[in-house]
Amino acid sequence: MMNHHVHVTDVLVIGAGLAGERAAIEASLAGLDVTVLSLVPPRRSHSTAAQGGMQASLGNCAMGQGDNPDIHFEDTVKGSDWGCDQDVARLFCETAPIAVRQMAHWGVPWSRVVAGKRKLPSGKVIEEPAENEGLITARDFGGTAKWRTCYTADGTGHTLQYTMDSVVIKLGITVHDRMEAISLIHDGEKCLGAVARCLRTGNLVAYVAKSTVIATGGYGRLYTASTNAVINEGTGMSIALDTGLVPLGNMEAVQFHPTGLVPVWILITEGARGDGGYLLDKNLHRFMPDYEPKKKELASRDVVSRRMIQHIRKGYGVDSPYGPHLWLDIRHLGAKHINTNLREIANICRNFRGIDPVKELIPVRPTQHYSMGGVRTNIDGKVYGLKNLFALGEAACWDLHGFNRLGGNSLAETIVSGMIVGRKVAEHTQGVTLEYSGKLIQDNLAQQEERINNLIRGKNGKENPYKLRNEMGQVLMDYVGIFRNEQGLKTAVAKLQELHARAQKIGLQTDGRGPSPELSQALRVPGMIRLALCIAYGALQRKESRGSHAREDYPKRDDVNWLKRTLAYWPEGAELPKLDYEPVKITELPPGDRGYGESSASSTQDQPAGGGNNG
Amino acid sequence: MANRQLTFNIFRYNPTNPKDKPHMQTYQLQETEGMTIFVALNMIREEQDPSLMFDFVCRAAICGSCGMLINGKPRLACRTLTKDLPPEITLLPLPVFKLIGDLSVDTGTWFRHISLKTEAWIHTDKEFDPRAQEERMDNKTAYDIYEAERCIECGCCIAGCLTANLRPEFLGAAGLNRVARFMVDPRDKRSAKDYFEVIGSDEGTFGCYGLMACEDNCPMELPLQQQLAFVRRKMAWAGLKR
Ligand SMILES: Cc1cc2nc3c(=O)[nH]c(=O)nc-3n(C[C@H](O)[C@H](O)[C@H](O)COP(=O)(O)OP(=O)(O)OC[C@H]3O[C@@H](n4cnc5c(N)ncnc54)[C@H](O)[C@@H]3O)c2cc1C
Ligand code: SF4
Ligand code: SF4
Ligand code: FES
């Protein structure tokens, strides 16, 4: 066997997005030796792509006056369709304002309140209070009762990630980029780190740690059409699932964003609608007020996405070679506003589609966007099933978002959970002494080496990993999308099982040498298909509609039977996940009406004004 | 324009293979509507040559991963439409940065080094007080900081810069722009003199010839000329006072 490198550290953080870096900072400040792994340089993590903003109830701007963590809590729980853990949501909402302010202290140039009157695109005139001049301001985002989404012009994720990484660099935290964790090392009881493959050389490295933290982001790229970065393939979730001991929570809860740009599926941020953009159909009719008279384009994402598909199905979509779509119209916001506040959107339209949103309509369609599900943890970020293992960020199911995440709550989650879970990791690690057998580490390395050699030699077959990935993506698109039903989901599960069997027979066309991209894909694909099966099978079993999970054959939320969280395990050698369920924690707000959406009383034309969730 | 037959000449070299030597390889591809270099390279990798190395992350001109020389010009491959190019397209890795393989270069290590060298973080003695309201800032100031902070560290300005190609330690436009970002930030307590230690030399502001290839090459359209001039003025002033 080759002589592999072994790297010993106190805390191993897998993932250098906002969640991973924030947790790493907390552990490092506690005096621990921290090592962070990432597929890419930290500043290229997917967090950088978030443009819209981060929710925190500062209540500084005119339309945010009177906001507080209670209202934020209520929005979050309603948004989740009562699928979240309310103790987590409470802790989160109380901490979010501190997180935003700390990021300001570290250098984020948050947009600020400018006192004085200003006219909103709706025609309404508001007056920003003089006494709040220079405090952090906020914009409107879907599903919130107050303007609560803090932002830096059009680059919130970018400035947050750059600032976070500047602190990581300042603290001298060890970061190994282009280093992919491909399996967790454990002894059946506790996690001892991970085996990683270097994407510069192809060499294997064993990272041995007192505590291991999974912060690897979402799995968007399981779907063919996703707003996510191409590296979002869910590998962190899949290495956790592959232990056979760790469950993934609510994998069937998949968020679709209403406005992916056709046909490249780049996200047009919610800011476009928050700032007053309209959705139009083929007759240029603004149809959202017909369905959602109160929140219109700004109902929560799951609702807007479904209304759009519903409207397309009624025949109001615009035909195109890429299937029917709808229009996003921001022309009325004016060139100045579009070219400054929404500059990123304007650039995307110009560079990737050759259209000018100042003068032209933008073709959009709902697109996979966010994974609510993930590695299931408790409120401290401790992973179920293995000791010394933590998870946070989009890779985790903490569970703040339940069946639908509110826009702006995810950036906030990465940082808030980074603070909270990071501290718990630090406390926990201080009590751990590192005991491990060299043989266990060598065995784990040998096992991965064998897996790689088999792929290179084509020992089990010659299946093409790219083909398998593309077929999987299409199955999810066709049968596990926005609307789901029994027959479609059964078909999906059968097809995915077939793909999973073929994935055992992958063999490379190249020699797999060094940082071979083909080998990287071949190592990921079987795990990706298992994640896809967790999504499809979980969706098949959940016989109700809740948040983003919309069953045509079970259109109502069913609190009697389904007010619970799915836990998906993958026992060794299994062909399907083993599902288990646990109750959700309800500490304050009993299940009720969301105030928007198909099943809500407020979603009909004749509903009198003045419900609790207004403007 | 669509339906053209495109010819890609791509630089190939895998440094982990002792038998490999740098060479060019040619691929043919049918152009499709709205094709970008991102789409084209993935098609080549998936259908013709799975060993081809290149980097994309966001594929939306946000993350800065995909800088390469496209027909001689440093550009982001993900937002370069093939329809804007002639049918023969030559792709080379960015110079200056360490080659990982084929079109993939190590910009991450280079930029981290620059951040360390210029101490690109807020320098302050203030402790964060979690109970206190945030410090106020003028929205205009916040916006000015953001304007400089928009750099995505793609390396296009560095690759096209004469000085950076000759002098390995030169900070380049991106490095100097990063310094400017902290200079305009009132939260950072460094004085012009502190900065002079770092950038008042040929590796910093005085190594620049002012020919502005950098600004032409910046995909974020950062006002690099203005930023370089701003830093130079500050440093000339600090130099005089020494
Ligand atoms: C286009 C877009 C716009 C968005 N806008 C907003 C918004 O405005 N507001 C909001 O709140 N949310 C937004 N979101 C969601 C939000 O950006 C993400 O949920 C959040 O940034 C995830 O952060 P993270 O730290 O969990 O993961 P990421 O930022 O995705 O980081 C994951 C890290 O893990 C590393 N990694 C992954 N796998 C491995 C492995 N196997 N080994 C080693 N390293 C690994 C990666 O290299 C990366 O460093 C948006 C999402 C998208 C797609
Ligand atoms: S102006 Fe200066 S930094 Fe820009 S390319 Fe020329 S020498 Fe390089
Ligand atoms: S200044 Fe422009 S060209 Fe240079 S690294 Fe930054 S974004 Fe790229
Ligand atoms: S892939 Fe992110 S900038 Fe091109």
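The values are calculated or read from the model by the stated rules, or taken from the named source; none is laboratory data. Note that the coordinates shown come from a computational prediction; the quantities given were computed from them, not determined experimentally. No Cβ is skipped: glycine too gets one built from the backbone with ideal geometry, and neighbour counts run over all protein chains shown.
Annotations for the structure displayed:
- Selected residue (only one of B:GLU215, B:GLU203, B:GLU169 is surrounded by fewer than 22 Cβ atoms within 10 Å (Cβ to Cβ), near ligand 2 (Cβ under 10 Å from one of its atoms), of a type in the set (D, E, K, R) and away from chain A (no Cβ under 14 Å)): B:GLU215
- Condition check for B:ALA213: more than 16 Å from ligand 4 (Cβ to nearest atom) and touching a Gly at 6+ places or on another chain (Cβ under 8 Å): yes
- The set of residues in segment B:41-50 being outside any helix (DSSP H, G or I) and either within 16 Å of ligand 1 (Cβ to nearest atom) or buried (at least 21 other Cβ atoms within 10 Å of the Cβ) (or both) consists of B:PRO50 alone.
- Checklist (1) buried (at least 22 other Cβ atoms within 10 Å of the Cβ); (2) at pLDDT 95 or above; (3) more than 10 Å from ligand 2 (Cβ to nearest atom) applied to B:LYS140, failing item: (1)
- Taken over segment A:575-598, the residue count meeting the criterion of being closer than 14 Å to A:GLU74 by Cα and surrounded by 14 or more Cβ atoms within 10 Å (Cβ to Cβ) is 7.
- Residue count, segment B:141-166 (criterion: closer than 22 Å to B:ALA61 by Cβ and within 13 Å of chain A (Cβ to nearest Cβ)): 12
- Test for A:ILE239: is it modelled with pLDDT of 95 or more, more than 16 Å from ligand 3 (Cβ to nearest atom) and farther than 16 Å from A:ARG530 by Cβ: no
- Qualifying residue in segment B:152-163 (condition: outside the structural domain of B:ASN42 (by TED's automatic domain parsing), part of a helix (DSSP H, G or I), within 16 Å of ligand 2 (Cβ to nearest atom) and more than 27 Å from A:ALA49 (Cβ to Cβ)): yes
- Considering (1) within 15 Å of ligand 1 (Cβ to nearest atom); (2) on the phi > 0 side of the Ramachandran plot, the lone condition that A:GLY188 does not fulfil carries the number (1).
- Of the residues making up segment A:104-128, those that are within 13 Å of chain B (Cβ to nearest Cβ) and touching a residue at least 24 places away in the same chain (Cβ under 8 Å) are A:ALA104, A:TRP106, A:GLY107, A:VAL108, A:PRO109, A:TRP110, A:SER111, A:ARG112, A:VAL113, A:GLU128.
- Residue within segment B:185-192 that is more than 16 Å from ligand 1 (Cβ to nearest atom), at the interface with another protein chain (Cβ under 9 Å from one of its Cβ atoms) and in contact with a His (Cβ under 8 Å, 6 or more places away or on another chain) present: yes
- Of everything listed in (1) within 16 Å of ligand 3 (Cβ to nearest atom); (2) modelled with pLDDT of 95 or more, the single unmet condition for A:GLY155 is (2).
- A:MET54 being in contact with a helix residue (DSSP H, G or I) (Cβ under 7 Å, 6 or more places away or on another chain) and either among the hydroxyl-bearing types (Ser, Thr, Tyr) or away from chain B (no Cβ under 13 Å) (or both): yes
- You will find that of A:GLY172, A:GLY157, A:GLY193, A:GLY202, the residue that is more than 16 Å from ligand 4 (Cβ to nearest atom) and buried (at least 22 other Cβ atoms within 10 Å of the Cβ) is A:GLY193 and no other.
- B:ARG112 passes every criterion in (1) more than 10 Å from chain A (Cβ to nearest Cβ); (2) within 16 Å of ligand 1 (Cβ to nearest atom); (3) of a type outside the set (A, V, I, L, M, F, W, C) apart from (1).
- Counting residues in segment B:21-33 that are over 23 Å from A:GLN521 (Cα atoms), among the basic types (Lys, Arg) and within 11 Å of another protein chain (Cβ to nearest Cβ) gives zero.
- Looking only at segment B:53-98, residues that are over 15 Å from the mean Cα position of the chain (by Cα), outside any loop (DSSP other than H, G, I, E, B) and either within 16 Å of ligand 2 (Cβ to nearest atom) or within 12 Å of chain A (Cβ to nearest Cβ) (or both) come to 3 in all.
- Test: residue in segment B:184-199 that is within 26 Å of B:SER65 (Cβ to Cβ) and more than 16 Å from ligand 4 (Cβ to nearest atom): no
- Complete set of residues in segment A:165-218 that are within 14 Å of chain B (Cβ to nearest Cβ) and assigned to a strand (DSSP E or B): A:THR174, A:VAL175, A:HIS176, A:ASP177, A:MET179, A:GLU180, A:ARG197, A:CYS198, A:LEU204
- For B:ILE62: the one exception among (1) over 22 Å from A:ILE348 (Cβ atoms); (2) β-branched (Val, Ile, Thr); (3) crowded, with 18+ Cβ neighbours inside 10 Å: (1)
- Flag for B:ALA120 being at pLDDT below 95, within 9 Å of another protein chain (Cβ to nearest Cβ) and within 16 Å of ligand 3 (Cβ to nearest atom): no
- Where helices (runs of 4 or more DSSP H) sit wholly within segment A:406-483, those with at least 1 residues that are more than 30 Å from A:ARG502 (Cα to Cα) occupy A:409-430, A:438-457.
- Being under 20 Å from A:TYR370 (Cβ atoms), assigned to a helix (DSSP H, G or I), within 16 Å of ligand 3 (Cβ to nearest atom) and touching a residue at least 40 places away in the same chain (Cβ under 8 Å) holds for only one residue in A:THR76, A:THR48, and it is A:THR48.
- When A:TYR466, A:TYR436 are checked against the criterion of being away from every other protein chain (no Cβ under 14 Å) and away from ligand 1 (no atom under 15 Å from the Cβ), A:TYR436 stands alone in meeting it.
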